Amino acid sequence: QLQASGGGSVQAGDSLRLSCAASGRTLSTATMAWFRQAPGNERVFVAAIRRGRMTTYSDSVKGRFTISRDNAKNTAFLQMSSLKPEDTAVYYCAVGKESLITSSLYLEHNYDSWGQGTLVTVSS
């Protein structure tokens, strides 16, 4: 089970850190990812971290967001900086297989557990 938290309402340029805590499953070797769904849009990939702490980002957040994990706490994080109004969305964390290749990271069906979502609202 995944529990996402840390969302809120901020101003453009602010920062937020999202957390995704897992229970009942060890995440140290799994692929963990964040997706987001803006109002009226489909859910899309944001970032992922694989075994060995290899990270991948969507172009829209590269350089502003950082995904990380604390294996001892079985938790993943998404540090979001320089937030923009277009980052407004519900953010979901997900856990997938440890062997995902880069092209597979973007596809929802490669993830077998999902958190409930946390809302991030960025105002201009």
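The values are calculated or read from the model by the stated rules, or taken from the named source; none is laboratory data. What you are looking at is a predicted structure, and each value in this text was computed from that prediction instead of being measured. Reconstructed Cβ throughout: ideal geometry from the backbone, glycine too, with neighbour counts over all protein chains shown. With ligands, DNA and RNA removed, areas are computed over all heavy atoms of the protein, side chains included. Shrake-Rupley method; radii C 1.70, N 1.55, O 1.52, S 1.80 Å.
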Nearest 20 debye, what's the magnitude of the dipole of the chain about its Cα centre given +1 on Lys and Arg Cβ and -1 on Asp and Glu Cβ? 360
Using all Cα-Cα distances in segment 62-124, what percent lands in each 5 angstrom bin from 0 up to the longest? 4, 13, 20, 26, 21, 11, 3, 1
Please name whichever of Tyr106, Ala21, Met80 sits farthest to the positive end of the charge dipole of the chain, dipole taken about the Cα centre and charges placed at Cβ: Lys and Arg +1, Asp and Glu -1. Ala21
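Using a probe radius of 1.4 Å on heavy atoms only, what accessible surface per residue do you get for the chain? Whole Å² is fine.
49
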If you roll a 1.4 angstrom probe over the protein chains with everything in place, what fraction of the accessible area of the chain belongs to carbon and sulfur, to the nearest %? 48
Evaluate the relative contact order of the chain (contact order divided by residue number), counting alpha-carbon pairs under 8 angstrom at least 6 apart; express in whole percent. 36
